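Here is the structure we will look at.
The values are calculated or read from the model by the stated rules, or taken from the named source; none is laboratory data. None of the values given here were measured: they were computed from a predicted structure. Quick reminder, even Gly has a Cβ in these numbers, built from the backbone with ideal geometry, and neighbours come from all protein chains shown.
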Amino acid sequence: MEWRNTPAEQKARKGEGNRRAMKDIVEAGPPPGLLAYDGGVAVGWCAVAPRSAYTRLERSRVLKPVDDREVWSISCFFIAKSYRKQGVSVGLLNAVADFVAEQGGTILEGYPIDPKKGPYPAPYAWTGFARAFRKAEFTEVLRRSDTRPIMRKTFGEAT
């Protein structure tokens with residue numbers, strides 16, 4: 001919910017308030033993201049919504065809009081520790097692209113970390129890693145920060 005809330009809303013809704021707000025989003029649809037499963041066990045999560053749902057992106061100097069085109073945005077990932085570095089992120093990115101296309105979207109955008117020095121702790125890369133986006137055929141369209149590219153995948157009418 002952090003990307004969807006203003007800082008004041010995030011603080012006011014902390015805990016149960018954010019859980020209720022997410023439940024309302026789920027019930028209203030479309031789903032706010034996709035889960036990856038191994039059998040019956042959820043092992044990954046990728047949040048996605050039209051960029052307009054993420055109010056914090058609009059105020060970010062680094063992640064502000066590239067242009068005036070309508071995009072869907074990937075705001076966060078979570079991959080269970082025992083499933084990291086096994087392609088779950090790439091699989092989720094491909095599934096999210098299919099989902100966005102089914103919803104009528106034509107541009108999917110992400111804001112991954114692209115570490116410049118040594119290993120980067122996975123728990124702090126909650127927007128994903130650029131290498132996974134590249135493997136899922138996203139293209140870097142802009143970089144306002146050394147470590148934070150804006151990457152897109154286009155399909156349908158946008159290609």
*Would you point out the residue of the range 148-159, among those that are more than 10 Å from L108 (Cα to Cα) and within 16 Å of the chain's Cα centre (by Cα), that is modelled with the lowest pLDDT?*
R148
*Out of (1) part of a loop (DSSP other than H, G, I, E, B); (2) surrounded by fewer than 17 Cβ atoms within 10 Å (Cβ to Cβ), the odd one out for T127 is which?*
(2)
*Failed item in (1) more than 16 Å from T154 (Cα to Cα); (2) surrounded by 21 or more Cβ atoms within 10 Å (Cβ to Cβ); (3) out of contact with any Gly (no Cβ under 8 Å at 6 or more places or on another chain); (4) not aliphatic (A, V, I, L, M), with S82 passing the rest*: (2)
*Mind counting the residues in the range 55-76 that are at pLDDT below 90 and in contact with a Phe, Trp or Tyr (Cβ under 6 Å, 6 or more places away or on another chain)?*
1
*What single numbered condition from (1) under 24 Å from T154 (Cβ atoms); (2) in contact with a strand residue (DSSP E or B) (Cβ under 9 Å, 6 or more places away or on another chain) fails to hold for E58?*
(2)
*asked:* Tell me whether the range 112-122 contains one or more residues that are crowded, with 21+ Cβ neighbours inside 10 Å and either assigned to a loop (DSSP other than H, G, I, E, B) or modelled with pLDDT of 95 or more (or both).
replied: yes
*Sort through L142, L57, L108 and tell me the only one that's assigned by TED's automatic domain parsing to the domain that holds V41, crowded, with 20+ Cβ neighbours inside 10 Å and either touching a Cys at 6+ places or on another chain (Cβ under 8 Å) or farther than 17 Å from L34 by Cβ (or both).*
L57
_So L142 passes all but one of these: (1) more than 15 Å from N94 (Cβ to Cβ); (2) without any contact (Cβ under 8 Å) to a residue 60 or more places away in the chain; (3) part of a strand (DSSP E or B). Which condition number does it fail?_
(2)
*Taking R134 as the residue in question, decide whether it is under 15 Å from the mean Cα position of the chain (by Cα), surrounded by fewer than 19 Cβ atoms within 10 Å (Cβ to Cβ), modelled with pLDDT under 95 and assigned to a helix (DSSP H, G or I).*
no
*Might you check whether a residue that is under 26 Å from P149 (Cα atoms), assigned to a strand (DSSP E or B), modelled with pLDDT of 95 or more and of a type in the set (S, T, N, Q) occurs anywhere in the range 87-108?*
no
_Given (1) more than 19 Å from the chain's Cα centre (by Cα); (2) of a type in the set (D, E, K, R); (3) assigned by TED's automatic domain parsing to the domain that holds G105, number of the condition K11 does not satisfy_ = (3)
